[in-house]
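Undergrad: So that we are looking at the same thing, I have put the structure below in structure tokens.
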Amino acid sequence: MNFIDVIVPLPLKNSFTYLVNQQEFNFLDIGYRVVVPFGKSKFVTGIVSKKHKNSPKKYLPKEIEFIIDNSPIITKNQLIFFKWISDYYLCPIGQVIKVALPKLLLLKSESEIFLNDKNFQEEYFSKNAKKIIQFLELKKKISLKDLSSLLGKKNINSEISELLDQSIISVKEEIYDYFKPKKITSLYLNDRIEVQKSLDILKLKKSQLKIFKFILNEKSKNFFTYSYLIEKCKVSRQTINNLIESKILIKNEEIINRTQFSVEKLIQPKDLSLKQENALNQIISSFDEKDVTLFHGVTSSGKTEIYVKLIMDYLKNNKQVLYLVPEIALTTQLVLRLKKYFGDKLLVYHSKYTLDQRIETWNIVLNNPGKIILGARSSIFLPFNDLKLIIVDEEHENAYKQFNPSPRYHARDSSIYLAKLHNAKVLLGSATPSLESYFNAVSNKYNLVNLFKRYNDIDLPSIVLKDLKESTALNKMVGSFSKYLIDEIRTVLKNGKQVIIFQNRRGYSPYQECASCGYVFNCKNCDVSLTYHQITNELKCHHCGYCIINESKCIKCNSYSLIKKGLGTQQVVEELRNLFPQFRTERMDQDSTKNKNSFFKLMNEFEYQKFQILVGTQMLVKGLDFKNVSLVGVVNADNLIYFPDFRSQEKCFQLIQQVAGRAGRSISGGKVIVQTYNPNHNVMLKIKNNDFRGLFNDQLKERHIFNYPPYSRIIKITLKNKNLNNLKSSALWISKSLKSYFKDRVFGPEFPLIPRLQNHYINIFQIKIPVDFNLKESKMVIEKISNSFDSIPQFRSTKFLIDVDPYN
């Protein structure tokens, strides 16, 4: 007997064995999709992970339903990679498959209802049953999901049972593939016709003759479309159809790629400066020694141009290159640059693309070497054909870490294992490297290449720390701005330059308080205050989405003395518009860039100087390039330092250095003004002096004292429950289990900064595992504790979440 092991896209740790006949066994291989029965009546898409002759001992294997593919859609290297993700990040392999594959590749069955017999009397049925019968007489079939919507109720079991008992209906499982390739209708001139003869035939048909002559003159085009000919010749669709009927034109339907970038003429990248050329040569030679190189280049040093030169070398050899960026927003500006160099060799992959676009990119990557794939973190899951280089730009960014749902992987760290599988090289690039990556570089685990000069030897912007205590005492504050910053903004605007203002909190104000009774408007689902949004006049929770209309009076004492506390980007914009009414101020944050293309439009308008002042959150710091910006202002830097996270000072340095890097990217230079109540704080002084190495040394000493990464590995366990008492009893059991093995390396249980989110109370544990400790064994212990915990009935209402190498 022949068997295959199948991984199903469900949060299950094991694969499942299915029976196949000899023909199916011979045809199938690892990576094929098969539709298999799962559970009592459902069908799911699974991935073949193994072929063998061993029958399972614990259950009787079912037969597969059918095979979907003619060739594997997942490579063997991919399955090894998925297994590594599963093992390293302690996540079920089925969940990895679910996250890794575009949803349209995972066919699902849907229960549909069919009408069996029309010889019945409707008066014997209930009102809703009659409604179902009447609908089926018109439409023949309906899905259970649509039927639930039709009847306006979730539980329709009684109506279904009523009709099934009388054999009026039958329920079947239908399997759907929702992916449809995009097609274009192409029109060609029939090469068998005689031109002069056709001209004579069309002499009295002026519109058709007009099209024919137009096509003859357009020698550079290989084919035409209906819309193109209608626009250029001002004719009707029927006129074109008449030419097709007379065999002068040939119509053909072709499948086209939704994601392909077509550029009429590719351009050559800029010549590198001597310093850039030297850095490129160091990178190339470093790959002979080690597989991973950290490229530490200051902002505006031209790292992207070096990447382009490197990519070109790999594409010349028909190899694949993965270019990772931390934010989808960054791909927008990069696509504009890269498509000029690489044309249709450039592919883009991220979650904002439609499912159809992602499937097309998946298939191209699977079958075509010699491509550059630009993508966010999820692009590490693509079926690479001949991957030889991975570039991780802005490698320090937290956005490379997946928080929810699991697997909670880090794309930078995972890409290093991915490269190992493909015998590829990894280039980590950043102006402010993560402490862990820099530690690996100075410890000789990675190679290190430095580039400390900006392109064209432009100076780094000067950084000024403005003491807000002093400005407040001397009455030199106007709202949230010191008079010094206001004067600098005014000067810059008069000189025709642009300004970026950084405030890392969206909304208008973080909370609203009643001056009479002290009541603060809080979220009903989370232990956080509601943020006031002036544009919609709403109080919103940024964690669960709960919102209420701002009634302008206290709901506790009915007083109208409500005070907006704190500062968000909307309030900053309002203050700037009042201060500089003659100049246009816009906002870039999650709220203002929700709509499709809104980010691109805003970025484009600022780049072409349609407005002068841009206010934004950390979206601004992610590698954006604006040549006319000569001043950057940070409204309040202290909020970034005083945060309960061992990485807070590192993150503060990175954020301010990165946003500072947006200034002075042209020969005219730039300035950065950082408003702070603590100008003598060690991190602030390091920021002022651009002293990354000094910050690195200081942070390394602290982490060594308190045993934080890179001197340990951290695994975070989070427990969630709607009932606080149940949470406490669960946490007590987990605490005893963990401490029996990990002893004093377990910290917790503790409530996090926000102890309740989305109606769930939260407890967290942190396990610090020394670098010389057996990490694999530690994970096995945690998995064993997790399995035992899940098997205890009283704890089943508690969610048990594991995060390896947490970044929050």
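Undergrad: Is it the case that Arg662 is touching a residue at least 12 places away in the same chain (Cβ under 8 Å) and within 30 Å of Glu783 (Cβ to Cβ)?
TA: Numbers: touching a residue at least 12 places away in the same chain (Cβ under 8 Å): yes; within 30 Å of Glu783 (Cβ to Cβ): no.
No: the conditions fail for Arg662.
Undergrad: Turning to a different aspect of this structure: All but one of (1) in contact with a Leu (Cβ under 7 Å, 6 or more places away or on another chain); (2) assigned to a strand (DSSP E or B); (3) within 22 Å of Trp84 (Cβ to Cβ) hold for Asp5, so report the exception by its number.
TA: It fails just one condition, (1).
Undergrad: When you check Lys83 against the structure, is it closer than 24 Å to Ser143 by Cα, open to solvent by 30 Å² or more (accessible area, probe 1.4 Å) and either in a loop (DSSP other than H, G, I, E, B) or not aliphatic (A, V, I, L, M) (or both), yes or no?
TA: The answer is no for Lys83.
Undergrad: When you go through (1) open to solvent by less than 30 Å² (accessible area, probe 1.4 Å); (2) of a type in the set (S, T, N, Q); (3) out of contact with any helix residue (DSSP H, G or I) (no Cβ under 9 Å at 6 or more places or on another chain) one by one for Asn423, which number turns out not to apply?
TA: (1)
Undergrad: Could you check, for segment 62-80, whether at least one of its residues is outside any strand (DSSP E or B), farther than 29 Å from Asn367 by Cβ, open to solvent by 20 Å² or more (accessible area, probe 1.4 Å) and out of contact with any Asp or Glu (no Cβ under 6 Å at 6 or more places or on another chain)?
TA: So far as segment 62-80 goes, yes, one or more of its residues are outside any strand (DSSP E or B), farther than 29 Å from Asn367 by Cβ, open to solvent by 20 Å² or more (accessible area, probe 1.4 Å) and out of contact with any Asp or Glu (no Cβ under 6 Å at 6 or more places or on another chain).
Undergrad: For segment 484-495, enumerate the residues that are of a type outside the set (Val, Ile, Thr) and without any contact (Cβ under 8 Å) to a residue 60 or more places away in the chain.
TA: First pass over segment 484-495, keeping only residues of a type outside the set (Val, Ile, Thr): 484-485, 487-488, 490, 493-495.
Hits for segment 484-495 are Asp487, Lys494.
Undergrad: Next question. Being under 15 Å from Leu620 (Cα atoms) and open to solvent by 40 Å² or more (accessible area, probe 1.4 Å) is the filter here, so list the residues in segment 545-593 that pass it.
TA: Answer for segment 545-593, where residues must be under 15 Å from Leu620 (Cα atoms) and open to solvent by 40 Å² or more (accessible area, probe 1.4 Å): Glu586, Gln590.
Undergrad: Take segment 1-31 and flag every residue that is surrounded by 14 or more Cβ atoms within 10 Å (Cβ to Cβ) and out of contact with any Ser or Thr (no Cβ under 9 Å at 6 or more places or on another chain).
TA: Asn2, Leu10, Leu12, Phe16, Tyr18, Val20, Glu24, Phe25, Leu28
Undergrad: Give just the number: which of (1) free of Cβ contacts under 8 Å to residues at least 40 places away in the same chain; (2) closer than 30 Å to Asn404 by Cα does Gln654 not satisfy?
TA: Status for Gln654: all satisfied but (1).
Undergrad: Which one is nearest to the chain's Cα centre (by Cα) among residues in segment 551-574 that are of a type in the set (A, V, I, L, M, F, W, C) and farther than 24 Å from Thr585 by Cβ?
TA: As a first pass, look at segment 551-574 and keep what is of a type in the set (A, V, I, L, M, F, W, C): 554-555, 557, 562-563, 567, 572-573.
Subset that is farther than 24 Å from Thr585 by Cβ: 554-555, 557, 562-563.
Details: Cys554: 39, Ile555: 39, Cys557: 44, Leu562: 38, Ile563: 37 Å.
By that ranking, first place goes to Ile563.
Undergrad: With the requirement that a residue be in contact with a Gly (Cβ under 9 Å, 6 or more places away or on another chain) and closer than 20 Å to Thr361 by Cβ, what does segment 386-403 give you?
TA: Result: Asp386, Ile391, Val392, Asp393.
Undergrad: Same structure again: Here are some conditions: (1) touching a strand residue (DSSP E or B) at 6+ places or on another chain (Cβ under 9 Å); (2) within 22 Å of Ser379 (Cα to Cα); (3) open to solvent by less than 10 Å² (accessible area, probe 1.4 Å); (4) not polar (S, T, N, Q). Lys319 meets all but one. Which one does it not meet?
TA: Failed condition: (3).
Undergrad: Just wondering, is there one or more residues in segment 461-469 that are touching a helix residue (DSSP H, G or I) at 6+ places or on another chain (Cβ under 8 Å) and part of a helix (DSSP H, G or I)?
TA: So far as segment 461-469 goes, no, none of its residues is touching a helix residue (DSSP H, G or I) at 6+ places or on another chain (Cβ under 8 Å) and part of a helix (DSSP H, G or I).
Undergrad: Also: List every residue pair whose Cβ atoms sit under 6 Å apart, with the two residues 6 or more apart in sequence or on different chains, where the first one lies in segment 687-709 and is over 12 Å from Glu650 (Cα atoms) and the second, anywhere, is open to solvent by 30 Å² or more (accessible area, probe 1.4 Å) and among the aromatic types (Phe, Trp, Tyr).
TA: His704/Tyr711; Tyr708/Phe646
Undergrad: Looking only at residues in segment 498-509 that are open to solvent by less than 20 Å² (accessible area, probe 1.4 Å) and in contact with a strand residue (DSSP E or B) (Cβ under 6 Å, 6 or more places away or on another chain), which one is farthest from Arg662 (Cα to Cα)?
TA: Here is the first cut: in segment 498-509, the residues open to solvent by less than 20 Å² (accessible area, probe 1.4 Å) are 498-503, 507, 509.
After this cut, where a residue has to be in contact with a strand residue (DSSP E or B) (Cβ under 6 Å, 6 or more places away or on another chain) as well, the list is 498-502, 507, 509.
On the way: Gln498: 11, Val499: 10, Ile500: 8, Ile501: 11, Phe502: 11, Gly507: 23, Ser509: 26 Å.
Filtering first and then ranking leaves Ser509.
Undergrad: Filter segment 39-57 down to residues that are open to solvent by less than 50 Å² (accessible area, probe 1.4 Å), modelled with pLDDT under 90 and assigned to a strand (DSSP E or B), then give me how many there are.
TA: So the answer is 3.
Undergrad: If you don't mind, another one. Within segment 265-279, can you find the residues that are surrounded by 20 or more Cβ atoms within 10 Å (Cβ to Cβ) and under 24 Å from Leu346 (Cα atoms)?
TA: Correct list: Gln276 only.
Undergrad: While we're on this one: Taking Phe747 as the residue in question, decide whether it is open to solvent by 40 Å² or more (accessible area, probe 1.4 Å) and either within 23 Å of Tyr409 (Cα to Cα) or modelled with pLDDT under 95 (or both).
TA: Taking the combined requirement at face value, the residue satisfies it.
Undergrad: Would you list the helices (runs of 4 or more DSSP H) that sit entirely within segment 265-377 and hold 1 or more residues that are under 27 Å from Pro461 (Cβ atoms) and under 24 Å from the mean Cα position of the chain (by Cα)? Let's see the steps before the verdict.
TA: On the way: elements: 274-289, 303-316, 328-342, 355-367.
Of the helices (runs of 4 or more DSSP H) lying wholly inside segment 265-377, those with at least 1 residues that are under 27 Å from Pro461 (Cβ atoms) and under 24 Å from the mean Cα position of the chain (by Cα) span 303-316, 328-342.
Undergrad: Every residue in segment 774-808 that is in a loop (DSSP other than H, G, I, E, B) and either on the phi > 0 side of the Ramachandran plot or free of Cβ contacts under 8 Å to residues at least 24 places away in the same chain (or both), please.
TA: Asn774, Arg796, Asp805
The values are calculated or read from the model by the stated rules, or taken from the named source; none is laboratory data. In this text, all values refer to a predicted model and were calculated from it rather than measured experimentally. Virtual Cβ from ideal backbone geometry, glycine too; neighbours counted across all protein chains shown. Please note that ligands, DNA and RNA were not included when accessible areas were found on the heavy atoms of the full protein model with its side chains. Shrake-Rupley method; radii C 1.70, N 1.55, O 1.52, S 1.80 Å.
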